[in-house]
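*Asks:* This is the structure I want to talk about, given as structure tokens.
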Amino acid sequence: MKKLKTFENVIKLEGETKKKKLIRYLKFFLLPCFRAREINKVEYELGKIQSKRTFFRRFLSPLTILGMACILFILWCAIFPDWASKYTFDDIAVWVNTDEIPYTPPSPNHPLGIGESGWDILARNIWGTRYSLQVAFLAVVISFVLGTIVGIISAYAGGWVDNILMRVVDIFSVFPSLILAFIFIAMWGNQMNVIMIGIGLAAIPSYARISRASTLQEKSKLYVDAAKTSGASRFKIMFKHILPNAASPLIVRVSFHIAVATLTVGGLAFLGFAVSDIPTWGWDINQASGHMYRDPYAMFWPGMWIVITALGFQLIGDGLRDSLDPKLKKLLKG
């Protein structure tokens, strides 16, 4: 019945004569394999709509919505810290000396308490969101771009190019992100851009392996052969045809990697590898660790900001993985 209604709507839209309508109806009912071109177009559009609805239905689970709420809150704090806090950047800087007593418990004027140098902990955490996410995002961009390029070129070229590039990737994978960041800091100093580059380079192997595996699956498909036959260049085949079709696992990896990069930035700052003039959650935890019995709130709230950020991106990554690869979700349930 639905197919018949769709067919009737197509006929009305086409504005055909009664004779042509009658011929189409006869073919529709008498020929089992008859398929009108207009029906194929309508079914194709309906299929795309159904696919989008299925994706959002799988993606919008309760946990994913919770993750989106966490990320929206964190992004709001990072983009609009002047609106989220009544204190300016100069009010929470390390060189500020206020009349407030450091490390005092929460009060109506300071909902989360007072930290080092008498600054407001809530304002400090809000302003720290911008710089912590800035380092994490830029580190992910570095590793994503370089790792994806290396993986696609390695898989598409094959042979000795593949062997050389993957051996270089294996060398990078030996160094954990923290160790590589330590090496960069020792060589070029304790700066935010140095920390960012060190974290970004350490994650190149994971993106290279994922993009290489996806490219190996895609390069043998028919559309790649068609692109070669039409005379497309290697660059165009790799980055215009193969990359969009191999991007799903990379997108999922980006979401998880932002969470890991945030934890790494916090860990480095906690160990003292941070610029003291820039507010970061890990550095605040480090400073408050000596006063944990006097004022545990000064350590607790920066840690909660890290947990909210990492949890939000992890939940969004889980939602993307389940929606982009529903077979994996069924396998995990079964």
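*Asks:* Please say if the stretch 254-300 is rounded, prolate or oblate, where rounded means a/c under 1.5 for a ≥ b ≥ c the square roots of the C-alpha gyration tensor eigenvalues, and otherwise the choice is prolate for a/b larger than b/c and oblate otherwise?
*Replies:* In terms of gyration-tensor shape, prolate.
*Asks:* What's the exposure ranking of Y103, Y207, Y87, Y223, going from fewest to most Cβ atoms within 10 Å?
*Replies:* Neighbour counts put them in this order, fewest first: Y223, Y87, Y103, Y207.
*Asks:* I've got another one for you. How large are Rg and Dmax for the stretch 63-333 when calculated on the C-alpha trace, in angstrom?
*Replies:* Expressed in Å, the Cα Rg and Dmax of the stretch 63-333 come to 22.0, 75.
*Asks:* In addition: Let me know the shape class of the stretch 98-236, please: from the alpha-carbon gyration tensor, a ≥ b ≥ c as square roots of the eigenvalues, rounded when a/c is under 1.5, otherwise prolate if a/b is greater than b/c, or oblate.
*Replies:* Cα axes put the stretch 98-236 in the prolate bin.
A short reminder: the numbers here are calculations on the coordinates, not readings from a lab. Predicted model only: the values in this text are computed from it and were never measured. Using ideal geometry, Cβ is built from the backbone for each residue, glycine included, and neighbour counts are taken over all protein chains shown.
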